[in-house]
Amino acid sequence: MFVHGKALNAVSVRQNGRVVCLAERPRGSGGTARIKPAWAGTDELLSKLTNLLIQTPWVYRILKKQAKAVMVRTAASRGIDWSGCAAALEEAGVSKYFAPRTDLVYPAYYTKPFHAYDEGNLCWLAAYEVEPATYAMALRVWPQERELSWRDAQRRLRHCFLDQVTRFMADPGDLRIDRVRFTLDVGCGAGISTRFLAEYLARNIPRDDALRVLGIDPSPYFLAVANLRNEKANALDVQRLPPNVRIEYQQALGESLPLADSVVDLVTLQFVLHELPRDAAESVFRELVRVTRDRGCIAMVDNNPRSPVIQNLPPALFTLMKSTEPHSDDYYTFDVEACLRQIPGIERVQVTACDPRHRAILCRVRKST
């Protein structure tokens, strides 16, 4: 999550008041012939040396601190008040929305240090800082566009992905985007992805039709922020939604969703996959298929291992990034597309470059009647 490097060119235009992203490679996974970066995996010398550094305790402490500092500087350079976000949340009474489940057992992979926090996503500091970190992350996708505001960068990031989802769902045999009435955002964090998903879908459906948007996340700290924003409508990114749109949040694991079979039209997993070991990812995929209706869509967006941006990160940047992402080696060596094709209920898989450093992984669900 924390560190992103130099990006390639991408084109964005405004259509009907929203940012539309036109990626350089609208079809195919995009990028180089090499399937992953040399700094990832267990078979590359560069990766082994990087991991050795990260596993050295005193070096790791420095790397962790510097990784966060990169994001804080990016935020400050574009007018994002990093420390002010935390103060505003405390003043708004975010702790009143803290309602952890007592019966939820966190898997071991989720309790590891993440994103420069020793407690990972299970602490207040991570929750206080997830919004400015997410806003800064989008800015680093297009570093050469110095006039790009953090709001427009975040909107472009989300629309680049969701525009690909719309195109995919327009193919014959799919449930079209304008017919989505129940959508699920798995790994929603503090609700930024959920709000943009709700706003995007609301523009595509009749205003008389109800749209239910459910965000799921294991962290009660992140969900406290999401619920506060939802109730007070005071988010800095998407502030107001039409009255036919209802957002809800629930604490749950992606491997065990609190939903009946075949009830969701569209499922998204936004910038979550790289935080899962592959065995957990496969369990999540099967659970997503279970809750998705026939001809519905499962859509994921995350770092593209084939991206020249990812593959050519300077050593300092990829070392900092790996130090805050414990499952990097697993993610970059995981053939996600092949795994999805073997899962019963997934009929079609498409991988598409949606911006200079990210890919959309799109699946059509088909169930026998």
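The values are calculated or read from the model by the stated rules, or taken from the named source; none is laboratory data. For clarity, every value in this text was computed on a predicted model and none was experimentally measured. So basically every Cβ, Gly included, is an ideal-geometry build from the backbone, and we count neighbours across all protein chains shown. The protein model used for the area step is the full one, side chains on, heavy atoms only, and it has no ligands, DNA or RNA in it. Shrake-Rupley method; radii C 1.70, N 1.55, O 1.52, S 1.80 Å.
Only the Cβ atoms of Lys and Arg (+1) and of Asp and Glu (-1) were treated as charged; on that basis the dipole of the range 35-365 about its Cα centre amounts to roughly 580 debye. Put the Cα centre of the range 111-126 next to the Cα centre of the range 270-326 and the gap is 18 Å. Could you sort out which of 65/322; 65/96; 48/68; 64/322; 48/322 sit more than 20 Å apart by Cα distance in this structure? With Cα atoms farther than 20 Å apart: 65/96; 48/68.
Protein heavy-atom accessible surface, 1.4 Å probe, per residue over the range 35-365: 39 Å². Does the range 58-111 come out rounded, prolate or oblate by the C-alpha gyration tensor, with a ≥ b ≥ c the root eigenvalues, rounded set by a/c under 1.5 and, if not, prolate when a/b is larger than b/c and oblate if not? Here the range 58-111 falls in the oblate category.
Length available on full extension from residue 61 to residue 337: 0.36 nm per residue minus the Cα-Cα distance, which gives 95.9 nm.
Is the range 104-151 rounded, prolate or oblate when judged by the Cα gyration tensor, a ≥ b ≥ c being the square roots of its eigenvalues, rounded requiring a/c under 1.5 and prolate requiring a/b larger than b/c? Since a/c reaches 1.5 and a/b is larger than b/c, the shape of the range 104-151 is classed as prolate. Each peptide in 192-199, 322-329 gets a packing score, the mean of other Cβ atoms within 10 Å over its residues, and the list from highest to lowest is 192-199, 322-329. Applying both filters, DSSP loop and at most 15 other Cβ atoms within 10 Å, to the chymotrypsin sites (Phe, Trp or Tyr not before Pro) of the range 50-145 gives 98. Which net charge results when you count Lys and Arg as +1 and Asp and Glu as -1 among the other residues whose beta-carbon is under 14 Å from that of residue 57? The answer is +2. Taking Lys and Arg as +1 and Asp and Glu as -1, the other residues whose beta-carbon sits under 15 Å from that of residue 270 total -3. Counting Lys and Arg as +1 and Asp and Glu as -1 over every other residue whose Cβ lies under 15 Å from the Cβ of residue 258, the net charge comes to -4.
Loop-located trypsin sites (Lys or Arg not before Pro) in the range 209-298 (DSSP state other than H, G, I, E, B) with a sparse environment of at most 12 neighbouring Cβ atoms within 10 Å: 240.
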